[in-house]
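Each remark here refers to the structure printed beneath this line.
The values are calculated or read from the model by the stated rules, or taken from the named source; none is laboratory data. Keep in mind it's a predicted model, so treat the numbers as computed, not measured. So basically every Cβ, Gly included, is an ideal-geometry build from the backbone, and we count neighbours across all protein chains shown. Just the protein is used for accessible areas: all its heavy atoms, side chains included, with ligands, DNA and RNA removed. Shrake-Rupley method; radii C 1.70, N 1.55, O 1.52, S 1.80 Å.
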Amino acid sequence: MASTGIKPSEKTLENLQAAFNGESNANAKYTEFATKADEDGYHKVASMFRAAAKAEKIHAEAHARVIKRMGAGPVANIETVHVGSTRENLEAAIAGESYERDVMYPAFIAEADAAGNAAAVRTFNAALEAEKEHARLYTELLNNLAHATVKTSYYVCAICGFTVDKITFERCPVCNAPGEKFEEVS
Ligand code: FE2
Ligand code: FE2
Ligand code: FE2
């Protein structure tokens with residue numbers, strides 16, 4: 001039975017709200033971490049925090065669209081950001097991305113899939129693919145922190161939030177949008 005409508009599942013809606021809240025807080029956190037990284041002279045780290053902040057906003061907005069299609073309103077509770085040293089901020093970012101990559105999104109995708117909610121599966125999956133790259137790029141920066149001093153361009157897919165340090169493809173590997181949909185952030 002083919003259906004384009006979204007089946008109501010309380011659990012899927014709850015997970016969408018949790019993901020919306022998480023992405024909204026990640027956006028707030030990375031925006032402050034970027035300012036701190038610039039102050040510390042780690043301008044490449046600042047560039048990556050700005051790129052990831054943009055990606056998390058795109059994820060939040062995509063989750064919000066599904067929440068609205070399910071007849072609810074997205075709710076986020078933005079917490080006060082604890083800003084540490086840039087090294088600590090990178091460690092906190094890696095911990096957050098790793099949790100989303102290894103625990104949160106896989107569980108949310110499995111639940112949405114079981115509930116037959118294709119739109120939720122799609123939005124969770126797009127975020128998952130970006131978080132994998134965020135974790136990898138942050139880890140690279142942490143491992144080479146002494147050299148992360150020069151402002152650097154990253155590229156964010158305006159449609160799905162996929163984030164790369166160079167464009168090596170014609171179309172977004174996650175959402176298939178044309179390459180020109182990637183926006184440069186530095
Ligand atoms: Fe995200
Ligand atoms: Fe992320
Ligand atoms: Fe994309």
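Under the criterion of Cα pairs below 8 Å and six or more residues apart, the relative contact order for segment 8-149 equals 32 percent.
Note that segment 38-53 has calculated 3J(HN,Hα) couplings of 5, 4, 7, x, 9, 5, 5, 5, 4, 4, 5, 4, 5, 5, 5, 4 Hz, one per residue in order, obtained from phi through the Karplus relation 6.51 cos²θ - 1.76 cosθ + 1.60 (θ = phi - 60°); glycine and proline are x.
Using a 10 angstrom cutoff on alpha carbons, build the Gaussian network for the chain and name the most mobile of 72, 34, 135. Highest fluctuation among the options: 72.
Using 0.36 nm per residue, how much length does the chain from residue 140 to residue 102 gain when fully extended, once their Cα-Cα distance is taken away?
Numbers: separation 38, 0.36 × 38 = 13.68 nm, distance 1.85 nm.
Contour length minus the Cα-Cα distance gives 11.8 nm.
Note on the chain: GNM, Cα springs under 10 Å; of 77, 125, 27, the largest mean-square fluctuation is that of 77.
At a probe radius of 1.4 angstrom, the accessible area of segment 8-149 per residue rounds to 45 square angstrom.
Taking all protein chains in place and a 1.4 Å probe, what share, in percent, of the accessible surface of segment 8-149 do carbon and sulfur account for?
C and S fraction of accessible area: 52 percent.
Principal-axis analysis of the Cα atoms of the chain puts helix 105-114 at an angle of about 10° to the longest axis. Between the exposed loop cleavage positions of the chain, defined as GluC sites (Glu not before Pro) in a non-H, G, I, E, B DSSP state with at most 16 neighbouring beta-carbon atoms within 10 angstrom, the longest gap is 80-169. The Kirkwood hydrodynamic radius of segment 8-149, based on inverse pair distances between different Cα atoms, is 15.3 Å.
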